[in-house]
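Each remark here refers to the structure printed beneath this line.
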Amino acid sequence: MAFHIQAPFFEIGPKAYMYGDEALALAKAAEAASKEFGITCIFTPQLTDIHLIAQNTNGLLICAQKIDPIPVGRGQGSILAEAVKAAGASGAMLNHVECASKIADIRACILRCREVGLFSIVCADSIAEASAIARLGPDIIVAEPSELIGTGTASDEEYVLASTKAVKDVDPSIYVLQGAGISNADDVYRVIRAGADATGSSSAVCKAKDPAKMIREMFQAARQAYDERSAK
């Protein structure tokens, strides 16, 4: 694995909620909480903000919101793996429900990530899809039922356990991030305590009255849940 990460970790996805200086401020808040609680943070900004954030933070794993399965050459409008890495990204997210891909393209993008030294984080909409994607060998799978995205309702413990097991049965080295509907620190605590390697949030952080406070509370909850789980 061409990047340093260990459980528990957390992904913050600004999507298109914010950009520029506002996104940078969020990244700096995530950087501070990451260092305070020992939680690795994957930060997934707008593509145009990768370089800005990479140049002004230290310790975040910056992730492109997508790449395309193409080599250097022709491809007007495409997103090149080499380009996002040169801008400062450490990884690329693939197959988010808002930017879904065909299985052949997911496989090709995972290979492109390996070729250039990016980690791959692939979203799966169901337990069956998570198991199928695990066979492609990504670094991280996001177990994220699309019907829960943005609802404020997180996956229950049964789903956390079943989706994590489905991935680990294929390849125990793949990290499983439980996403969708994570709206507060209690959600974070519950999914990490249930066995997830990681979790993450987009709208709950970006639309919070105080995003920095929300990040800190979520990271603290992840640290507490993981430490309690490990002590059992």
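The values are calculated or read from the model by the stated rules, or taken from the named source; none is laboratory data. Small disclaimer: the values here were computed from a predicted structure and weren't measured. Quick reminder, even Gly has a Cβ in these numbers, built from the backbone with ideal geometry, and neighbours come from all protein chains shown. The area values use the complete protein model at the heavy-atom level, side chains included, leaving out ligands, DNA and RNA. Shrake-Rupley method; radii C 1.70, N 1.55, O 1.52, S 1.80 Å.
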Can we say Ile141 is part of a loop (DSSP other than H, G, I, E, B), within 18 Å of the chain's Cα centre (by Cα) and among the aliphatic types (A, V, I, L, M)?
no
Flag if Gly59 is in a loop (DSSP other than H, G, I, E, B), open to solvent by less than 60 Å² (accessible area, probe 1.4 Å) and in contact with a Cys (Cβ under 9 Å, 6 or more places away or on another chain):
yes
Residue within segment 169-192 that is of a type in the set (Gly, Ala, Ser) and over 20 Å from Ile42 (Cα atoms) present:
no
Go over the candidates Ala130, Ala54, Ala108, Ala92 one by one and state the one that is assigned to a strand (DSSP E or B), touching a residue at least 12 places away in the same chain (Cβ under 8 Å) and either polar (S, T, N, Q) or over 19 Å from Ser203 (Cα atoms) (or both).
Ala92
Could you tell me which numbered condition Pro172 fails, if it satisfies all but one of (1) surrounded by fewer than 23 Cβ atoms within 10 Å (Cβ to Cβ); (2) assigned to a helix (DSSP H, G or I)?
(2)
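Yes or no: Ala100 modelled with pLDDT under 95, open to solvent by 10 Å² or more (accessible area, probe 1.4 Å) and not basic (Lys, Arg)?
Values: modelled with pLDDT under 95: yes; open to solvent by 10 Å² or more (accessible area, probe 1.4 Å): yes; not basic (Lys, Arg): yes.
Taking the combined requirement at face value, the residue satisfies it.
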Residue that is nearest to the chain's Cα centre (by Cα), among those in segment 64-79 that are surrounded by 12 or more Cβ atoms within 10 Å (Cβ to Cβ) and among the β-branched types (Val, Ile, Thr)
Ile67
